[in-house]
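Report on the following structure.
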């Protein structure tokens, strides 16, 4: 990805600047306990109330693996403007965007780490909003990641000033900061 920032390594969830995404990561951490990652069975939707609209779950489908959208929360769905549920990421994303995302996915799959990204979104050539995304592993067997679990949100100040029905242009996204969070 041309011009992308270097991937930083963080050793604490406290480094996550978005308070709701940090709380989401803390939820994941509490379910992980002493394991490499929690399993899908550990995640209770009843405990995820404020996160549900911003969540996503992506199935890791062998061989390959390929990434299939299992679930998109209402806000995550609205920000993209298209329902991708049940579709494979490599079939719906532009090749350059998929290649960028694949690097993050590979890091999570290989290393059982969390990946956090902050990006700036532009609308009609002008800065529009700051976008935060967290990707975390879920594993049924603690050997392979079978689900990517995450959340995506705007910065609090951006979310408060944007109309509820705004759609974000993915092609206008510029990564500002990327981090791998070791645990």
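Would you be able to say whether some residue in segment 87-105 is over 15 Å from residue 151 (Cα atoms), part of a loop (DSSP other than H, G, I, E, B) and touching a strand residue (DSSP E or B) at 6+ places or on another chain (Cβ under 7 Å)?
yes
What do you reckon, is residue 71 assigned to a strand (DSSP E or B) and touching a residue at least 60 places away in the same chain (Cβ under 8 Å)? Full working, then the answer.
Details: assigned to a strand (DSSP E or B): yes; touching a residue at least 60 places away in the same chain (Cβ under 8 Å): no.
Taking the combined requirement at face value, the residue does not satisfy it.
Quick one: count up the residues across segment 13-42 that are in contact with a strand residue (DSSP E or B) (Cβ under 7 Å, 6 or more places away or on another chain) and not in a helix (DSSP H, G or I).
5
Any idea which of 94, 53 is exposed (fewer than 14 other Cβ atoms within 10 Å of the Cβ), farther than 22 Å from residue 140 by Cα and touching a residue at least 12 places away in the same chain (Cβ under 8 Å)? Walk me through it before giving the result.
Numbers: 53 fails: exposed (fewer than 14 other Cβ atoms within 10 Å of the Cβ).
Result of the check over 94, 53: 94.
Would you mind finding the one in 140, 122, 76, 159 that is modelled with pLDDT of 90 or more and touching a strand residue (DSSP E or B) at 6+ places or on another chain (Cβ under 9 Å)? Reasoning before the result, please.
Numbers: 122 fails: modelled with pLDDT of 90 or more; 76 fails: modelled with pLDDT of 90 or more; 159 fails: modelled with pLDDT of 90 or more.
Among 140, 122, 76, 159, only 140 is modelled with pLDDT of 90 or more and touching a strand residue (DSSP E or B) at 6+ places or on another chain (Cβ under 9 Å).
The values are calculated or read from the model by the stated rules, or taken from the named source; none is laboratory data. From a predicted model like this one, the values you see are computed outputs, not experimental measurements. In this analysis, Cβ positions are derived from the backbone assuming ideal geometry, glycine residues included, and neighbour counts consider all displayed protein chains.
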